[in-house]
Amino acid sequence: MSSTDNYIKISVPFMRDVDGNKKLVEGHFVSRTMDYLKDNTFEWTEKIDGGCTCVRWDGHRVTFEGHDSTSDIPGGVLAYLKSKFDTPEAEELFEQSFGETPVEIYGEGYGAKIQKPGNLYRDDQSFIVFDVYMPKTNYWIERKNVYDIAKEFGVDSVPVIMTGTLNEAITFVKTQPMSTIGTAPMEGLVGRPLTELFDRQGHRIIVKVKCRDFCEGRKR
């Protein structure tokens with residue numbers, strides 16, 4: 001992942017139908033790897049419906065980036081990021097925790113006027129952490145440490161909803177659950193093996209299960 005890329009593409013577990021409705025075809029896996037791991041235990045966190053945002057520490061200063069290098073960050077989200085990550089105190093925290101080692105803190109900018117359910121999450125705009133990456137060593141920080149890093153900077157992190165297999169996660173989203181934040185419907189779950197894994201091409205094993213793909217009546 002280069003310094004100009006944003007967060008990795010998260011795959012769905014199944015192929016989509018080619019007849020025009022684009023529905024996922026359960027059982028027709030997108031890869032042999034996903035088929036092989038289908039009965040493996042994954043950790044599933046809530047997928048927040050917002051805009052992917054990155055906080056980058058290059059070893060000396062902090063910058064912010066939206067979904068990609070050309071995306072604008074909503075004003076309320078940017079103000080929140082600056083208040084948490086772009087202060088003298090935050091700079092000291094980065095130096096204490098990472099020194100001159102680059103780090104990328106990934107999260108979702110969400111809330112009022114961001115995506116359709118934004119106002120149902122909250123009436124202002126904020127940022128919630130879901131991953132932390134060390135680009136020099138291609139290392140994804142373990143979940144417990146992601147929470148610790150978020151806590152250090154005084155920001156929220158996405159909650160773990162369950163641990164279980166892919167089918168158990170699908171069964172859960174079919175109940176059309178509500179988000180743990182506000183009154184929004186839950187967008188879905190993001191699953192990672194309990195031990196970080198990569199496929200033969202070096203791609204990280206991570207999968208999303210979205211409610212709208214498995215629930216009749218949820219708009220695509």
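So here's what we get for this one:
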{"read-out": "Calculated log₁₀ intensity ratio I(q)/I(0) where the Debye formula runs over C-alpha points of segment 153-205, q = 0.15, 0.26 Å⁻¹", "value": "-0.58, -1.08"}
{"read-out": "Dipole of the chain, positive end: most advanced residue of Ile161, Gln115, Val25 [Cβ charges, Cα centre]", "value": "Val25"}
{"read-out": "Amide H within-cut-off set for Phe14, under 5 Å, with H built and near neighbours excluded", "value": "Val30"}
{"read-out": "Burial order of peptide ranges 195-201, 13-19, 153-159, 124-130 (average beta-carbon count within 10 Å, highest first)", "value": "124-130, 153-159, 13-19, 195-201"}
{"read-out": "In order through segment 187-198: 3J(HN,Hα) via Karplus (6.51 cos²θ - 1.76 cosθ + 1.60), integer Hz, x for Gly, Pro", "value": "6, x, 10, 10, x, 9, x, 4, 10, 4, 10, 10"}
{"read-out": "Solvent-accessible surface (1.4 angstrom probe) belonging to His203, in square angstrom, nearest 10", "value": "110"}
{"read-out": "Accessible surface of segment 4-55, 1.4 Å probe, proportion on carbon and sulfur as whole %", "value": "50"}
{"read-out": "Ratio of the Cα radius of gyration of segment 69-113 to 2.2 N^0.38 Å, where N counts its residues", "value": "1.33"}
{"read-out": "Amide hydrogen neighbours beyond the local backbone of Asp131, cut-off 5 Å, H modeled", "value": "Tyr106"}
{"read-out": "On Cα atoms only, tilt of 88-98 relative to the major axis of the chain in degrees", "value": "60"}
{"read-out": "Linear extension gain, Gln176 paired with Gln96, 0.36 nm per residue minus alpha-carbon span", "value": "24.6 nm"}
{"read-out": "Relative frequency of Cα-Cα separations exceeding 19 Å in segment 81-184, percent", "value": "55"}
{"read-out": "Protein accessible area in segment 127-220, 1.4 Å probe - carbon and sulfur %", "value": "50"}
{"read-out": "Correct option for mean projected area of the Cα convex hull in nm² [calculated from the coordinates] among (i) 14.5; (ii) 12.4; (iii) 13.0", "value": "(ii)"}
{"read-out": "20 °C / 1.002 mPa s Stokes-Einstein diffusion coefficient of segment 41-98, Kirkwood radius on C-alpha pairs, µm²/s", "value": "164"}
{"read-out": "Residue-normalised accessible area of segment 129-220, given per residue in Å² at a 1.4 Å probe", "value": "52"}
{"read-out": "Trypsin sites (Lys or Arg not before Pro) within segment 87-136: DSSP coil, no more than 12 neighbouring Cβ in 10 Å", "value": "Lys113, Lys136"}
{"read-out": "Leu166 accessible area, 1.4 Å probe, all protein chains in place, Å² to nearest 10", "value": "0"}
{"read-out": "Paramagnetic label zone (point 7 Å from Cα along Cα-to-C-beta, Ser83; backbone N under 18 Å) in segment 148-167", "value": "150-157"}
{"read-out": "Close Lys-Lys pairs in segment 1-108, where close means Cα under 28 Å and separation is 8 or more or interchain", "value": "13"}
{"read-out": "Derived scalar couplings ³J(HN,Hα) [segment 116-133; Karplus, 6.51 cos²θ - 1.76 cosθ + 1.60; whole Hz; x for Gly, Pro]", "value": "4, x, x, 5, 7, 6, 6, 8, 10, 10, 8, 9, 10, 7, 10, 7, 9, 10"}
{"read-out": "Cβ-placed point charges (K, R +1; D, E -1), dipole of segment 131-200 about Cα centre in debye, nearest 20", "value": "100"}
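The values are calculated or read from the model by the stated rules, or taken from the named source; none is laboratory data. For clarity, every value in this text was computed on a predicted model and none was experimentally measured. Every residue, glycine as well, gets a Cβ built from its backbone with ideal geometry; the counts of neighbours run over all protein chains shown. The protein model used for the area step is the full one, side chains on, heavy atoms only, and it has no ligands, DNA or RNA in it. Shrake-Rupley method; radii C 1.70, N 1.55, O 1.52, S 1.80 Å.
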